Amino acid sequence: MKLEGTVIAAHGRHYLVELPDGGTLPCFPRGKKSELACGDRVSVARSSATQGVIDAVLPRRTLLYRSNEFRQKLIAANVTRVVVVVATEPSFSEELVTRCLVAAESQDIGVLIVLNKCDLADRLPAAEAALAPFSRLGYPILRLSARACAEALRPHLAGQTGVFVGQSGMGKSTLINALVPEANARTREISEALDSGRHTTTHAALYRLPGDSSLIDSPGLQEFGLHHLSVSEIEHGFREFRPWLGSCRFRNCRHDREPGCAIRAAVEAGGIAASRYAAFRALRGESRPS
Ligand SMILES: Nc1nc2c(ncn2[C@@H]2O[C@H](COP(=O)(O)OP(=O)(O)O)[C@@H](O)[C@H]2O)c(=O)[nH]1
Ligand SMILES: [Mg+2]
Ligand SMILES: [Zn+2]
């Protein structure tokens, strides 16, 4: 009998699938190459009382992933909201935030930046300064403390499938634990099913929230390679570039030294921040040829 389920945890080629009755089943994919992500909808057949086989992945609405020149790493499937979690302490990488935003924009996924640990007041001004460029671009920023007021995040997740992305130490797991009462139980269930009880959080996990929302906690990112994006996807990932795209003299302009480049003109006129243009050039330099 075929069942449709949702991948709620992924660890190597082991997946934990949530079934329609709410129970979970450890599963292997049938094909050799198929790689799945947390949030994937799958068609499953039971192979025994305690194990299943994934026959097919249903079409994905979105797929968030990162890549370097050698391999790609899926982060989450079917998410509707990317929540970039940063903190006042330890300090965070603005470049990593930029990369998370470009990845989300390239998939047309809405973004929210959460500045956590706002209780550490003396660290707040530096964090605000680092976030100012993103705020100016119109990205919403929610300031909170996971220890005191995690609830402030809940309305932003209503009806959404969200994914937390960010460096480790930013407070993602603390936020999950505050928002999901059964988070610890689920974490234990996942560890037991997928890595024989080694209570580590090396894998992503999907948690259910009341009100038809879900939240995926992903392992801390130290880097977010975007080698899989084309130049066109990267330029669309810089949302303030969009009004000028298509206005360059050359249709295949790389916005480098080409004459009549509308993007460079916008940088010179102050419509695009020089730091964002530099970030674009860095990402374009590692992008796949198109
Ligand atoms: N002061 C303060 N510390 C926090 C807050 N949220 C998390 N932490 C601490 O930050 C550390 C890292 O949190 P964790 O949730 O493991 O981060 P993760 O790696 O992003 O999952 C832990 O020691 C938390 O107790 C907060 O709002 N304020
Ligand atoms: Mg964590
Ligand atoms: Zn150009």
query = Among all residue pairs at least 6 apart or on different chains, which show Cβ distances below 8 Å where the first residue, located in the stretch 169-192, is free of Cβ contacts under 8 Å to residues at least 12 places away in the same chain and the second is open to solvent by 70 Å² or more (accessible area, probe 1.4 Å) and not polar (S, T, N, Q)?
reply = 188/199; 191/198; 191/199
inquiry  = So residue 277 passes all but one of these: (1) modelled with pLDDT under 95; (2) of a type in the set (Ser, Thr, Tyr); (3) open to solvent by less than 70 Å² (accessible area, probe 1.4 Å). Which condition number does it fail?
reply    = (1)
remark   = Scanning the stretch 134-166 for residues that are surrounded by fewer than 19 Cβ atoms within 10 Å (Cβ to Cβ) and part of a strand (DSSP E or B) gives 141, 142, 143
task = Sort out which residues of the stretch 16-27 are surrounded by 14 or more Cβ atoms within 10 Å (Cβ to Cβ) and not hydroxyl-bearing (Ser, Thr, Tyr), and write them in order of number.
result = 16, 17, 18, 19, 25, 26, 27
note = Among 146, 132, the single one that is under 28 Å from residue 89 (Cβ atoms) and within 16 Å of ligand 2 (Cβ to nearest atom) is 146
message = What's the total number of residues in the stretch 137-161 that are more than 15 Å from ligand 1 (Cβ to nearest atom) and without any contact (Cβ under 8 Å) to a residue 12 or more places away in the chain?
response = 1
query = Which one of these does residue 213 not meet: (1) touching a residue at least 60 places away in the same chain (Cβ under 8 Å); (2) touching a Leu at 6+ places or on another chain (Cβ under 7 Å); (3) among the polar types (S, T, N, Q)?
reply = (1)
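The values are calculated or read from the model by the stated rules, or taken from the named source; none is laboratory data. These numbers were taken from a predicted model, which means no experiment stands behind them. Positions of Cβ are backbone-derived with ideal geometry, glycine not excepted, and every protein chain shown enters the neighbour counts. When the accessible area is computed, the model is the full protein with side chains, heavy atoms only, and any ligands, DNA or RNA have been set aside. Shrake-Rupley method; radii C 1.70, N 1.55, O 1.52, S 1.80 Å.
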